[in-house]
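These notes are about the structure you will find just below.
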Amino acid sequence: MIKLAIIGCQGRMGQRITELAVKTEKFQIAALIERPDCPNVPETIAGVKVSRDIKAIKGSDVLIDFTVPDATMQNLEACLKYRVRMVIGTTGFSADQDLKIMEAAKMLGIVRSSNMSVGVNVLYGILRKMSEALKGYDVSITETHHIHKKDAPSGTAKTMADVIRNATQLQQVPIESIREGEVIGYHKVMFKSGVDTIEISHDAHTRDMFAQGALVAAQFIAYKDNGIYSMQDVLFG
């Protein structure tokens, strides 16, 4: 059984990951952590004491982190200290923070993805094939998220743009970012030529798709050696 730690357990993602993990026999919730200034945090969740101290991860196999970049970097240091593998769903890292994650992966197993959804990661593969076949088309991306999302463009949109650039001669792929309401996540890619337009999109209905993917990633990394892994590695080897 995998000893799982979840940080940000009272956040939107943290709550769903915790609820789904409790229902999965493959996991034992070893630690639940919240930031010191988070209000209205219960003393226990599912029989596990909620801690305000990252040291609570000691003894866990894997930490799932969907927080913010600066917090993730602090959590990364703790995971290195206590030898706890990581699943990182946080986005919006700086170039320097990216390098620190890569360096940490030399000593720690890490799954990192801008989007943990199985469906989105299948879409990346479809986009690669489309881009290879539709060279010469103008390509653009539109992404829409809730008003609480701080980074723009989304990490998913950036990954889509990288996939497209790597498969074509395009130097840039325009991304339009929209923040409205409580939209969980909507991404649309448009391939346009003088003779036709092709669109492909993904619409997230609930955050469970991210939570489920994160738990799949946790099962994967719990038994892996040091290194940085993507959801493509998790799903397709």
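Values for this structure:
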read-out	value
Residue list for region 59-83, filter: assigned to a helix (DSSP H, G or I) and touching a residue at least 40 places away in the same chain (Cβ under 8 Å)	ALA71, ASN75
Test for ALA56: is it farther than 28 Å from HIS145 by Cβ, in a helix (DSSP H, G or I), among the hydrophobic types (A, V, I, L, M, F, W, C) and modelled with pLDDT of 95 or more	yes
Region 104-117 residues that are farther than 17 Å from GLN74 by Cβ, paired with ones that are charged (D, E, K, R) and not in a strand (DSSP E or B) (beta carbon under 9 Å, 6 or more apart)	GLY109/LYS224; GLY109/ASP225; VAL111/LYS224; VAL111/ASP233; SER114/LYS158
Yes/no for GLY109 being touching a helix residue (DSSP H, G or I) at 6+ places or on another chain (Cβ under 9 Å), of a type outside the set (Val, Ile, Thr) and surrounded by 17 or more Cβ atoms within 10 Å (Cβ to Cβ)	yes
Test set (1) surrounded by 13 or more Cβ atoms within 10 Å (Cβ to Cβ); (2) among the charged types (D, E, K, R); (3) under 21 Å from GLY227 (Cβ atoms) - GLU176 fails condition number	(3)
Which listed residue is under 24 Å from ARG16 (Cα atoms), modelled with pLDDT under 95 and either under 20 Å from the mean Cα position of the chain (by Cα) or crowded, with 18+ Cβ neighbours inside 10 Å (or both), from THR156, THR144, THR72	THR156
Residue ID - nearest to ASP203 (Cα to Cα), chosen from residues in region 104-156 that are outside any helix (DSSP H, G or I) and β-branched (Val, Ile, Thr)	THR144
From the options LEU63, LEU4, residue that is in contact with a Cys (Cβ under 7 Å, 6 or more places away or on another chain) and either closer than 23 Å to LYS106 by Cα or among the basic types (Lys, Arg) (or both)	LEU63
When residues of region 12-26 are limited to those that are farther than 22 Å from TYR82 by Cβ and not aliphatic (A, V, I, L, M), the one surrounded by the most Cβ atoms within 10 Å (Cβ to Cβ)	ARG16
Subset tally (residues that are in contact with a strand residue (DSSP E or B) (Cβ under 6 Å, 6 or more places away or on another chain) and either modelled with pLDDT under 95 or charged (D, E, K, R) (or both)) for region 187-206	4
Total residues in region 157-203, condition without any contact (Cβ under 8 Å) to a residue 12 or more places away in the chain and part of a strand (DSSP E or B)	2
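The values are calculated or read from the model by the stated rules, or taken from the named source; none is laboratory data. Just so we're clear, the structure is a prediction, and the values are computed from it rather than from any experiment. Neighbour counts are summed over all protein chains in view; Cβ atoms, including those assigned to glycine, are modelled from backbone coordinates with ideal geometry.
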